[in-house]
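Asker: I'd like to ask you about the structure that follows.
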Amino acid sequence: MSKIKVATVWLDGCSGCHMSFLDMDERLIELSSQIDLVFSPLVDFKIYPENVDLALVEGAISSVEDEHKIKMIRKRTKFLIAMGDCAVTANVPAMRNPFGPEPILERAYHENVSTGAQIPCVFVPALLEKVRPVHEFVPVDLFLPGCPPSADTFYTVLTDLLAGRTPDVASLTRFGA
Amino acid sequence: MSQTITIDPVTRLEGHGKITLKTNDQGEVSEAYFTVTQVRGFEKFSQGRPFYEMPGLMARICGICPVSHLLASAKACEAIMSVTIPPTAAKLRSALNMAQTIQSHALSFFYLSSPDLLLGMDADPADRNIFGVVKVDPELGRAGVALRRFGQHIIELLGKKRIHPGWVVPGGVTEPLDSAKRDEILAMIPEAYANIRLALNWYKRIADRFRDEADHFANFPGAFLGMVGEDNGLEFTDGKLRLIDATGKILVDKLEAAQFDDHFGEAVEPYSYMKFPYYKPLGYPDGSYRVGPLARLNIATHAGTPLADIEVKEFKQLANGPVLGSFYFHHARLIDILYGIEFIERIFSDPTILDTHVRATAGVNRLEGSGVAEAPRGTLMHHYKVDENGQMLWANLVIATGQNNNAMNRGVLQTAQRYVKGDKLADGMLNRVEAVIRTFDPCLSCSTHAFGQMPLEIKLVAPDGSTLDTIRRG
Ligand code: SF4
């Protein structure tokens, strides 16, 4: 049987969801006989390939670059999982929404600086006015809430999907878990 | 013909990175940029929220080292409350910090860097990952997975969750330790010792193969900042800060969190969203310094635990004075792990660790507070201001990786000039340019807490520290 092609993607999140994915520990090594990680911060492939079977997306959509990436990923992916509360609800990254991007820059690059205070202005990706969750940009096939979802949740969901079963997410995790 | 080479994304890094190298007409690398792409905003959006919520919120800066943020944040809150936390709470928190150091270092060394060290910088990219390591050297790969699990499992036993535990609060911790969990932790220790011993022995066997990398991976004189204990030994949680220069001379000593701003400033460059912290008396950029495992071992005179003491002594023989090559971050990281295991064993063997008084309470007694802790990657500082009701007015965070910003830039250029030639773009050469960044184990998630993408400037600096050339994009 050919291996299932899996990608993990990191957008505007804290990497905690990726760390929880790694918390499968030895079980992740065992899973590698059935899955191929074709794109992930953990492996050395630079290009998101075509025909990815399963993608786990961490983080919210905050910049035009995130927006561009998620649309490209959706096109090349059969089954897309919103991994963790930031992807599902925009969670912590969305806390900047009531302020908007400008006051954030002002605090970081004018107020909290001792030399050369200035708002960096070259090569900056345009920020979206509001940080929003993944499903507001592309269809999501499975929502996996939690901050982060536990390693057991990842393991159950992956083994269910590999066996062709529909995982019962509500019994595994919840918002803020 | 001059050309631009882009490595995007930089893989096996804990964050969003991109390196751009520019070559000149002779095909030599003349410019290098390390770019980070992520958007955050914690210094601002914490405003208006209750200060006691900060540890739990600030931990969401980073899922790799949330414990460091929990601790620096809780300590800043305790300065606002003007309380001293109960001694057992302090011990439990310091053990939690070492558990995190172990898991984070295991991630860096085994999952992210050992593929280069075991399989070689020129190996097939398809194999250059932890699965490739497990295939070629199952014992080593599994030791790494087990060490990371060891750290994460202790965090889970203490804080109920491996990532973003809610256990650390301003004033101490929410719950005392019970003896069953203590016994479970102590029972895991022998396996952890066996695994780190295996890794250290293996590293020492192969380190010689990378002598050329060691000479060119961000190897230059410069200052180092880190925490030390009262006896000048290693300390990660409750010590004071010390800054030394490239010869080992102490520039600043016994620095408390509240004095951090007096000595260290942050610079901004128009082309970078990652700030550049520096030691104020030397100015920017001459006052740039390194933090993290290498800095800590250069600063401390010894470890303070028996097995790590032997390793530190051996490590210090690598150089006459501070070890200046950033390749040795790898070695230092393994010694940190060994020290951490010994430290944890000592803490949990102490009967007072089961004491049930683990939390102090108080309201707002001061309108400003700072806290520092050693994160796995180096010194971390949180500084808050609040109003009388405890509502956050302002926050500034100085993150470990940011303090290595200048050194990483210099390192990328140094490595690129050594290994990348314009007419031959072998993957192994480019991988070395990424590998120099990996030695610093940058947590880009943390360092972009403020905001954004980071195209950068490369300065070419002579051994005496004078600037030979400045390269900037645009
Ligand atoms: S859901 Fe939580 S753990 Fe996951 S990226 Fe967001 S803040 Fe981090």
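Asker: Say each of B:Asp350 and A:Ala177 gets a label point 7 Å from the Cα, pointing the same way as Cα to Cβ; how far apart are those two points in nm?
Answerer: 3.7 nm
Asker: Further question: Quick one: net charge of B:Leu70's neighbours, Cβ under 14 Å, K/R +1, D/E -1? Write down the numbers at each step before the final one.
Answerer: Details: positive: B:Arg60, B:Lys75, B:Arg93, B:Lys160, B:Lys161, B:Arg162; negative: B:Glu53, B:Glu78, B:Glu374.
Result for the neighbourhood of B:Leu70: +3.
Asker: Please give the helix A:64-75 orientation as an angle from the longest Cα principal axis of chain A, in degrees from 0 to 90, rounded to the nearest 10.
Answerer: So the inclination is approximately 20 degrees.
Asker: Pop the C-beta distance of B:Thr361 and A:Leu162 into the FRET formula with R0 = 45 Å and round what comes out to the nearest 0.05.
Answerer: Values: r = 49 Å, r/R0 = 1.09.
Between B:Thr361 and A:Leu162 the formula returns 0.35.
Asker: Now for a separate question. Note the buried accessible area between B and A here, summed over both chains, with a 1.4 Å probe, in Å² to the nearest 100. It would help to have the intermediate numbers written out before the result.
Answerer: Values: alone 17780 and 9850 Å², together 22120 Å².
It comes to approximately 5500 Å² buried between B and A.
Asker: While we're looking at this one, here's another question. Before anything else, pin down the relative contact order of chain B: Cα pairs under 8 Å, at least 6 apart, normalised by residue count, whole percent. Show your work: numbers first, answer last.
Answerer: Numbers: 1039 pairs, mean separation 130.3, N = 474.
In percent, rounded to a whole number, it is 27.
Asker: Let me ask something additional. Once you list every other residue whose beta carbon is under 15 Å from the beta carbon of B:Thr301, what net charge do they have if Lys and Arg are +1 and Asp and Glu are -1? Write out the running numbers ahead of the final one.
Answerer: Details: positive: B:Lys240, B:Arg242, B:Lys249, B:Lys254, B:Arg296, B:Lys313, B:Lys316; negative: B:Glu230, B:Asp231, B:Glu235, B:Asp253, B:Asp309, B:Glu311, B:Glu314.
Neighbourhood net charge equals 0.
Asker: Which angle from 0 to 90°, rounded to the nearest 10, does the C-alpha axis of helix B:329-349 make with the longest principal axis of chain B?
Answerer: For B:329-349 against chain B, the angle is about 10 degrees.
Asker: Still on this model: Compute the accessible area per residue over region A:59-177, keeping the other protein chains in place, probe 1.4 Å, unit Å². Don't skip to the end; give the middle numbers.
Answerer: Working: 5110 Å² over 119 residues.
Value for region A:59-177: 43 Å² per residue.
Asker: Continuing with this model, one more query. Treating each Cα of the protein assembly as shown as an identical point scatterer and ignoring solvent, apply the Debye formula and state log10 I(q)/I(0) at q = 0.06, 0.08, 0.09, 0.11 Å⁻¹.
Answerer: So the normalised log intensities work out to -0.28, -0.52, -0.68, -1.08.
Asker: Another question, if that's okay. Could you tell me the distance between the Cα centroids of region B:191-213 and region A:146-177, to the nearest Å?
Answerer: Using only Cα atoms to place each centre, the spacing works out to 37 Å.
Asker: Could you sort B:58-65, B:139-146 so that the peptide with the highest average Cβ count within 10 Å comes first and the rest follow in order?
Answerer: Values: B:58-65: 28.0, B:139-146: 20.2.
In descending order of packing, they fall as B:58-65, B:139-146.
Asker: Also, I was wondering about something else. What distance in nm separates the simple spin-label points at B:Leu318 and A:Asp152, each placed 7 Å from Cα in the Cβ direction?
Answerer: Label-label distance for B:Leu318 and A:Asp152, simple model: 4.1 nm.
Asker: Could you name every residue in region B:42-60 that has 40 Å² or more less accessible surface in the full protein assembly than in its own chain alone (probe 1.4 Å, ligands and nucleic acids excluded)?
Answerer: Listed by number, the residues meeting the 40 Å² cut-off are B:Lys44, B:Phe45, B:Arg60.
Asker: Next question, about the same structure. What number, in percent, do you get for the relative contact order of region A:125-177 if the mean sequence gap of Cα pairs under 8 Å and at least 6 apart is divided by its residue count? Could you put the intermediate results ahead of the total?
Answerer: Details: 33 pairs, mean separation 23.4, N = 53.
With pairs under 8 Å counted, the relative contact order is 44 percent.
Asker: Which value results for Rg/Rh of chain A when Rg is the Cα radius of gyration and Rh the Kirkwood radius based on the inverse mean 1/r?
Answerer: Taking Rh as the inverse mean 1/r over Cα pairs, Rg/Rh reads 1.02.
Asker: Could you check the spin-label model distance between B:Gln391 and B:Asp231? Points 7 Å from the Cα along Cα→Cβ, value in nm.
Answerer: Spacing of the two 7 Å Cα→Cβ label points: 4.8 nm.
Asker: Another question, if that's okay. May I ask you to find the residues of region A:13-38 that are shielded by at least 40 Å² of accessible area once the whole protein assembly is considered instead of their isolated chain (probe 1.4 Å)?
Answerer: Output list: A:Cys14, A:Met19, A:Leu22, A:Asp23, A:Asp25, A:Glu26, A:Ile29.
Asker: How high is the FRET efficiency between B:Asn24 and B:Ala194 when r is their beta carbon distance and R₀ equals 41 Å, given to the nearest 0.05? Spell out each step's value before the answer.
Answerer: Numbers: r = 51 Å, r/R0 = 1.25.
Working from the Cβ atoms, E equals 0.20.
Asker: I would also like to ask the following. Taking the Cβ of B:His383 as the centre, find all other residues whose Cβ is under 15 Å away and add up their charges (Lys, Arg: +1; Asp, Glu: -1).
Answerer: Details: positive: A:Arg107, B:Lys44, B:Lys75, B:Lys275, B:Arg366, B:Lys385; negative: A:Glu111, B:Glu43, B:Glu78, B:Glu256, B:Asp261, B:Asp262, B:Glu266, B:Glu368.
Overall, the nearby charge balance is -2.
Asker: Still on this structure, I have one more. Per residue, what accessible area does region B:177-298 have, given a 1.4 Å probe and all protein chains present, in Å²? Can you show the working numbers first?
Answerer: Values: 4690 Å² over 122 residues.
Normalised by residue count, the accessible surface of region B:177-298 is 38 Å².
Asker: Return the calculated 222 nm mean residue ellipticity for chain B, to the nearest 500 deg cm²/dmol, obtained by summing -39500 (n - 2.57) across DSSP H runs with n ≥ 4 and dividing by the residue count. List each step's numbers first, then the result.
Answerer: Values: 16 runs with 188 residues, N = 474.
Mean residue ellipticity, 222 nm, calculated: -12000 deg cm²/dmol.
Asker: Another question, if that's okay. Using Cα atoms only, what is the angle between the long axis of helix B:306-316 and the major principal axis of chain B, expressed in degrees (0 to 90) to the nearest 10?
Answerer: 30 degrees
Asker: Round to a whole number: what % of the accessible area of the protein assembly as shown belongs to carbon and sulfur, probe 1.4 Å? Could you put the intermediate results ahead of the total?
Answerer: Details: 11470 of 22120 Å².
The computed percentage sits at 52.
Asker: To the nearest 0.05, what FRET efficiency results for A:Lys78 and A:Glu111 with a Förster distance of 45 Å applied to their C-beta separation? Before the final figure, lay out the partial values.
Answerer: Values: r = 47 Å, r/R0 = 1.04.
E between A:Lys78 and A:Glu111, to the nearest 0.05, is 0.45.
Asker: Take the alpha-carbon positions of region B:336-437, form their convex hull, and give its projected area averaged over all directions (one quarter of the hull surface) in nm². It would help to have the intermediate numbers written out before the result.
Answerer: Details: hull surface 45.0 nm².
Answer in nm², one decimal: 11.2.
The values are calculated or read from the model by the stated rules, or taken from the named source; none is laboratory data. Since we're looking at a predicted model, the values are computed, not measured. So basically every Cβ, Gly included, is an ideal-geometry build from the backbone, and we count neighbours across all protein chains shown. Remember, those area values only see protein heavy atoms, side chains included, never the ligands or the DNA or RNA. Shrake-Rupley method; radii C 1.70, N 1.55, O 1.52, S 1.80 Å.
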